[in-house]
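Working notes, beginning with the structure itself.
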Amino acid sequence: MNKKIISLVLVMTLMPSTAIAATPKPTQAQIDAAKKVEAEKKAAADAAAKKLNSAKKTLRQLTDIATAKRRLYIAAQNELKEKTKKAEIAMKHLQSAQASVSSGKRTIGKLAVNAYVMGGGFTDLDSLLHADGPQDLADRLNALDALGDNNSKALDRFKS
């Protein structure tokens, strides 16, 4: 029984305190202020979303431009490689031609030196008159033949 009385007293004392502790209903001004704050937050979120969409659009455009420029860059690099190979081939051809010209000039120079040293006395008739024997005559005529062929080739190269 004692327990029933104690529990009844406790229930009675706690009941009014829970009623007092209940939160009061907000006023219309508080509701309007909260709505205004929420509207401002929504407007800020909408502005941020709009800005984000604009930035995404700009990023897409810049990405497209960068992709196009990269394609042009790669094409230019490939063209440069191709032109470089052609230039290297042309340089090798030039070096070959210069070596050929240099060789031709040396040969012509030797011809000029030999003509100057011999003074034009190394001819068929001169070889016939100054030969010491039939073998010497044959050797001189063979040398003249080889020299004539060499001179003809050198002059043909020089002319072309």
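Each row is one residue, and each column tells you yes or no for (1) part of a helix (DSSP H, G or I); (2) at pLDDT below 70.
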{"residue": "4", "(1), (2)": "yes, no"}
{"residue": "11", "(1), (2)": "yes, yes"}
{"residue": "18", "(1), (2)": "yes, yes"}
{"residue": "26", "(1), (2)": "no, no"}
{"residue": "31", "(1), (2)": "yes, no"}
{"residue": "34", "(1), (2)": "yes, no"}
{"residue": "37", "(1), (2)": "yes, no"}
{"residue": "46", "(1), (2)": "yes, no"}
{"residue": "50", "(1), (2)": "yes, no"}
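Of everything in segment 101-136 that's acidic (Asp, Glu) and assigned to a helix (DSSP H, G or I), which residue is modelled with the lowest pLDDT? Spell out how you get there, then give the answer.
To start, the set of residues in segment 101-136 that are acidic (Asp, Glu) comprises 124, 126, 132, 136.
Now narrow it down to the ones that are assigned to a helix (DSSP H, G or I): 124, 126, 136.
On the way: 124: 53, 126: 63, 136: 74.
Among those residues, the one meeting the criterion is 124.
The values are calculated or read from the model by the stated rules, or taken from the named source; none is laboratory data. All of these numbers come straight from a predicted model, not from anything done at the bench.
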